[in-house]
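Reviewing the structure listed below.
Each value in this text was obtained by applying a stated rule to the coordinates, not by laboratory testing. All of these numbers come straight from a predicted model, not from anything done at the bench. With ideal geometry, Cβ positions are generated from the backbone for all residues, glycine too; neighbour counts draw on all protein chains shown.
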Amino acid sequence: MAGLPLFEKTDLGQLRDGMAKDEMVAIYDSFSEQYDEECANRDYAGPRMCAEALAKWLGDRKTSSILDVAAGTGLCAVELRKLGFTSIDALDPSQRSLDYARSKNRYDKYICDFIGTNRLDIDDDSYDAVTVCGGFIMAAMEPDCLPEIIRLVRPGGYVCITTRDMYLTTVKAFSGGRLEAAMTELQSKGFWEQVSRELVPGYHPGIDAVIFVYRVLR
Ligand SMILES: C[S@@+](CC[C@H](N)C(=O)[O-])C[C@H]1O[C@@H](n2cnc3c(N)ncnc32)[C@H](O)[C@@H]1O
C-alpha cells in the first residue's frame, strides 16, 4: 500500500511495507523535530485514546510503571501524564525521536531498540503495563513481537494497543487477519485475555481507531 496519506507532504509519506528497518528508522529520525507539529495539525488523537483506554483498567496511576513501545517523540507519555501516570519509560529504535522526547522530559528512561522476536535487555514482569500507539503500522511492529511484549508485563498487568482500524487489513504484515489471529492464539495458550476491543472514530478526522486492551495472565 502507499505510504501514510496523512503525512504525504513529509518524509513519513515514504514509509512502505517491506522496507528495510534502517531505512524506516532514518525516516523517523529525519522527521523527529516536525512530528509533533504534524500530528497536531492533523488532529491525531491516537495517543489520547490509548492513554484513556489504559486508564480504564490500570488502577493506581501514581505507582504503576508503564513501558511505551514505539514511543516515537512521546505523545503517548504526554497523554498518560495528563491522566496522572508518573512512571513511564520509552522504547523506540529512532534515537532522534527519543532525543526529542528527552528534550521535553517526557519519559523516565529511554531505550533505543526494536521490539520483535529478539529478547530485550529488560527483566520479565518489569512493568504494570505496555502501551503501543501507532506501532502496528507498515514497516514497523509485526505480530511476532507480541510474546516479548507479554514477557515484560507482570501477571495481572495490561497491554493497550491502538492503531488505525484499516491497518488490520491493509498492512502486509497483518494480511489475512494475522495480527488478531496472533492475539487470539496467545489468548488460547493462556498468556493473556482480551478485556476490551473498541472501534472509535476520530483517530484522525474521518479515520477510525481500533483499541485493544489485554490483561496478562501468564
Ligand atoms: C507512527 S510512529 C508512532 C509514535 C508514537 N507512539 C505516536 O503515537 O505518536 C511509529 C513508531 O514506531 C517505531 N517503531 C518501528 N518499528 C518498531 C519496532 N520494531 N519496535 C519498536 N518501535 C518501532 C518507529 O521508530 C516510530 O517511532
*Which whole-number percent is the relative contact order of the chain (Cα, under 8 Å, 6+ apart)?*
20
_For segment 198-204, 3J(HN,Hα) per residue [Karplus equation, 6.51 cos²θ - 1.76 cosθ + 1.60, θ = phi - 60°, Hz, x = Gly/Pro]_ = 10, 9, 10, x, x, 4, 10
*State the extension gain, in nm to one decimal, for the chain segment bounded by SER196 and LYS62, taking 0.36 nm per residue of separation less the distance between their alpha-carbons.*
45.9 nm
*What is segment 117-210 by shape, rounded, prolate or oblate, if you read a ≥ b ≥ c off the alpha carbon gyration tensor as root eigenvalues and call it rounded for a/c under 1.5, prolate for a/b larger than b/c, and oblate otherwise?*
prolate
*Nearest-20 debye value, the chain charge dipole, Cβ charges on Lys, Arg, Asp, Glu*: 480
_With n ≥ 4 as the cut-off for DSSP H runs, can you work out [θ] at 222 nm for the chain, using -39500 (n - 2.57) per run divided by the number of residues, rounded to the nearest 500?_
-8500 deg cm²/dmol
*Can you tell me how much longer the chain between ASP125 and SER103 gets when fully stretched, taken as 0.36 nm per residue apart minus their C-alpha distance, in nm with one decimal?*
5.1 nm
*Give the dimensionless ratio obtained when the Cα radius of gyration of segment 42-216 is divided by 2.2 N^0.38 Å.*
0.94
_List the lysines whose Cα sits under 29 Å from the Cα of LYS109, skipping any in the same chain fewer than 8 residues away._
LYS21, LYS56, LYS62, LYS82
*asked:* Need the C-alpha centroid separation for segment 148-171 versus segment 19-61, integer Å.
replied: 14
*Of GLU38, GLU193, how do they rank once you tally other Cβ atoms within 10 Å and put the fewest first?*
GLU193, GLU38
